[in-house]
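Quick notes on the structure that follows.
Readers should treat all values here as calculations from the given coordinates under stated rules, not as data from a laboratory. Here the structure is a predicted model, which means the values were calculated and not measured. Positions of Cβ are generated from backbone atoms using ideal geometry, with glycine treated the same way; all protein chains shown enter the neighbour counts.
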Amino acid sequence: MGAASAIEDDGQLQGRLQFSGLDAQALARIRAISPLVLKHLRPALDQFYEKIATTSEVATFFSGPEQMGRAKASQARHWEAIAKGEMGQDYYASSVAIGNRHARIGLKPNWYINGYGLIVETMIKGVMSDWMA
């Protein structure tokens, strides 16, 4: 099954969105705060990839800075879609492609789940700091 066929129809996509609590109102709320979140996305990804580069267990999955840069750019596009509430077919195809890549290289889920937690934590801290200022 290719990434493009991961979500076969709009009903299946809507079912996944509903399961995640991402109805039209939730996506509208995400879009409303998108500029605040996007402001902190690049710094969060910078911090995340700096950590990867210095953690031998995951740094070995990259052949060098160029490959890491391509992965970072791909993650940036993926997270931008999330921050903009663009949870359509393209987003899910991207999710499947990223997940397949993780599986193909043998990256254990604890690494990318923890990594995504670090990204979200950095963005939330930045948004909250801006909001409190």
Eligible lysines near K125 by straight Cα distance, threshold 18 Å, same-chain separation 8 or greater: K39, K51
Rg/Rh ratio calculated on Cα atoms of segment 82-133 (Kirkwood radius): 1.10
Furthest towards positive pole of dipole, G64, Y92, G21, structure part the chain, Cβ charges: G64
Dipole moment magnitude, nearest 20 debye, segment 1-105 about Cα centre, only Lys, Arg, Asp, Glu C-beta charged: 300
Distance from segment 84-133 to segment 28-73 (C-alpha centre basis), Å: 9
Per-selection Kirkwood Rh - the chain (Cα, Å, 1 d.p.): 16.0
Residue among A103, A53, A73 with the largest mean-square fluctuation in a Gaussian network model of the chain, springs linking Cα atoms under 10 Å: A103
